[in-house]
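Have a look at the structure below, then the notes.
The values are calculated or read from the model by the stated rules, or taken from the named source; none is laboratory data. The structure presented is a predicted model; accordingly, all values stated were derived computationally and were not measured. Here Cβ is always computed from backbone atoms with ideal geometry, including for glycine, and neighbour counts include all displayed protein chains.
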Amino acid sequence: MKNDTTTTALNLVLAVLVVLGVVFALVSMQRTRELRALTLQVTFANNALTKIQSLANDTAAYNAQHNYPELTRLLQSVQAKPATK
């Protein structure tokens, strides 16, 4: 009888561990998909930010040569804003 009780307890522990392993695998797959989606979004955002910064730098260089008051006012209002995260 003692052997049957031990075997039953060990089988129960094994079953619980198998179920936990499956649950952890599913959660890991879900988080990996989410990470890939977020990485793609971050890549697009960084590319857009780089293009905007390049445009702002080109505009500032153009304004340095031609000095338009309206453009100077716009550039100062954009540069005065703090970066948000």
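Points to keep in mind about this one:
- Subset tally (residues that are outside any helix (DSSP H, G or I) and at negative phi) for the range 39-79: 1
- Looking across 78, 19, one residue alone is surrounded by 10 or more Cβ atoms within 10 Å (Cβ to Cβ) and without any contact (Cβ under 8 Å) to a residue 12 or more places away in the chain. It is 19.
- One residue from 26, 71 being at pLDDT below 95 and surrounded by 10 or more Cβ atoms within 10 Å (Cβ to Cβ): 71
- If the condition is being part of a helix (DSSP H, G or I) and exposed (fewer than 10 other Cβ atoms within 10 Å of the Cβ), then the range 1-16 contributes 2, 3, 4, 5.
- Criterion (at pLDDT below 95 and either basic (Lys, Arg) or within 31 Å of the chain's Cα centre (by Cα) (or both)) met by exactly one of 37, 80: 80
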